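The values are calculated or read from the model by the stated rules, or taken from the named source; none is laboratory data. No experiment lies behind these values; they were computed from the predicted model shown. A quick note on method: Cβ atoms are made from the backbone with ideal geometry, for glycine too, and the neighbour counts reach across all protein chains shown.
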Amino acid sequence: MEANISFRLNGEMVSISTDPLRRLLDVLREDLGCIGTKEGCSEGECGACSILLNGHMVTSCIIPVGAVDGQDVMTIEGVSKTEGGKIIVQAFADGGAVQCGFCIPGMVIAAYYLLSNNPNPTEEEIRLGISGNICRCTGYDLVVESIKLAAQRGGDVWKR
Amino acid sequence: MAEKLIIATTMAEAASLKNSDSAFLAGGTEINRLGSSVAAATLVSIGRIEDLDGISIIEDQTPACSQSGCSKEGKILRIGAMCTFQDVVESDLVPAYLKEACRFMASRTKRNMATIGGNVALKRDDSYLYPTLLAAGAKLQMLDRDGNTVYKCAKRYLESGDLYRDNLIVAILLPLDAGVVCSKRIANTAQSHAALTVSVGCKDGKVRLGAAIKNTALVYMAELSEKLSSCDMDDKEILDAVCANKSLVFENDIFGSPEYKRYLLSVIISDLAKQAKGGKR
């Protein structure tokens with residue numbers, strides 16, 4: 001059974017008619033072209049499908065799209081266009097954080113969420129901040145260093 | 001596979017929609033995941049019911065439960081069922097022992113989604129929270145399909161099987177002074193399902209012992225709690241008591257052999273009981 005569902009996606013209102021029980025991840029990727037959001041475990045554990053829902057980092061693979069009607073969704077496509085997102089993406093590139101790259105959209109979302117709430121995180125806080133994001137290449141150290149770099153480069157951007 | 005999603009706006013509406021073919025959709029970390037243990041034709045989303053949110057200190061309106069030995073308190077801590085694990089971790093009102101139990105869920109992303117009420121309702125044998133709630137003497141506030149408020153202590157709710165399955169969990173209620181509550185979780189990795197989660201609480205000499213044993217049981221260990229309340233027991237005596245408990249059937253599985261699990265359970269109980277009875281977290 002289809003329903004009309006509207007929500008704010010990366011700052012723009014979108015409306016779709018679809019089964020409200022479809023996973024938000026599938027709607028983002030298949031209907032709305034946000035293919036930066038990846039599917040990993042489908043259990044809400046790996047963080048590859050991380051998005052921001054009303055400013056909170058969540059995994060889109062375990063959210064039915066009907067539950068986000070009227071809510072605010074931000075994907076990696078939206079985050080990477082923000083000032084802070086651009087700093088993180090560049091820091092990840094400069095810091096060599098990307099190996100296969102599959103987990104990176106989720107990692108960038110996690111970094112953005114962390115730095116937006118804590119502009120000067122300690123290394124432990126960074127590791128806790130990416131605790132919901134699993135990298136099968138096990139390249140965590142370079143991700144952590146890149147987030148440190150983003151924190152330094154961002155400066156006041158993270159304090160706004 | 002669910003076929004229908006209903007977004008409830010009031011507690012009464014949500015409670016009235018619950019039946020054997022429907023399930024409450026709280027944080028969704030269990031019900032929506034691949035391989036979920038929950039099957040329902042209709043999902044009743046309770047995420048927009050404000051009365052299920054919030055953490056506050058309130059007057060205790062719960063009845064005393066002589067059967068479970070739950071006393072009536074002056075004031076209690078109320079944690080709305082839809083509070084996420086992260087809400088609890090960040091609250092200034094929540095005691096450290098419960099924050100620790102919430103941090104057993106290692107993923108920050110998952111803590112942003114998973115709710116207290118959802119974790120309690122699942123009664124999983126690898127529950128993050130339930131052993132700690134048992135050890136702390138927590139109570140549950142629920143709403144039945146007819147709109148009646150029901151209070152049950154966590155122990156009675158656990159032991160009642162499916163009796164309250166269709167009730168909406170409204171809040172978790174904790175005594176402001178639960179004594180000393182100590183918990184330990186054993187898992188291969190922080191992200192893995194726990195082989196064991198054990199919690200021991202001690203207040204005024206009375207010991208409460210809750211355990212989640214993967215593929216065995218989520219259980220309040222009443223006999224051992226009584227024994228530990230009345231005397232000190234060494235490791236061997238606790239191991240003997242665990243082995244003598246015929247209601248606990250330990251599986252030989254990926255989490256370990258029955259002998260290993262019994263040993264692990266007993267030494268953890270021993271360590272935590274010493275801490276709790278000694279007043280140390």
Checklist entry - Within the group B:ASP166, B:ASP162, B:ASP177, which residue is under 19 Å from B:ALA8 (Cβ atoms) and at pLDDT below 95? => result B:ASP166
Checklist entry - When you go through A:ILE63, A:ILE109 one by one, which is the residue that is facing chain B (nearest Cβ under 10 Å), among the β-branched types (Val, Ile, Thr), in contact with a Ser or Thr (Cβ under 8 Å, 6 or more places away or on another chain) and crowded, with 23+ Cβ neighbours inside 10 Å? => result A:ILE109
Checklist outcome for this item: Taking the stretch B:212-244 and keeping residues crowded, with 16+ Cβ neighbours inside 10 Å and assigned to a loop (DSSP other than H, G, I, E, B) leaves B:LYS214, B:ASN215, B:THR216, B:MET221, B:MET233
Checklist entry - If we only count strands (runs of 3 or more DSSP E) wholly inside the stretch B:1-112, which ones have 2 or more residues that are touching a helix residue (DSSP H, G or I) at 6+ places or on another chain (Cβ under 7 Å) and within 13 Å of chain A (Cβ to nearest Cβ)? => result B:4-7, B:42-45
Checklist entry - If you go through the stretch A:21-30 one residue at a time, how many are surrounded by fewer than 21 Cβ atoms within 10 Å (Cβ to Cβ), more than 9 Å from chain B (Cβ to nearest Cβ) and in contact with an Asp or Glu (Cβ under 8 Å, 6 or more places away or on another chain)? => result 1
Item to check | Matching entry among A:GLY95, A:GLY47, A:GLY85, A:GLY33 (being away from chain B (no Cβ under 14 Å) and buried (at least 20 other Cβ atoms within 10 Å of the Cβ)) | outcome: A:GLY85
Checklist entry - Looking at A:THR18, A:THR75, which is the one that is among the β-branched types (Val, Ile, Thr), under 14 Å from the mean Cα position of the chain (by Cα) and away from chain B (no Cβ under 11 Å)? => result A:THR75
Checklist entry - Is it true that A:SER42 is assigned to a strand (DSSP E or B) and either over 18 Å from B:THR84 (Cα atoms) or in contact with a strand residue (DSSP E or B) (Cβ under 8 Å, 6 or more places away or on another chain) (or both)? => result no
Next on the checklist: Return the residues of the stretch B:177-235 that are within 18 Å of B:VAL120 (Cβ to Cβ) and β-branched (Val, Ile, Thr); say none if nothing qualifies.
Outcome noted: B:VAL181, B:THR197, B:VAL198, B:ILE213, B:VAL219
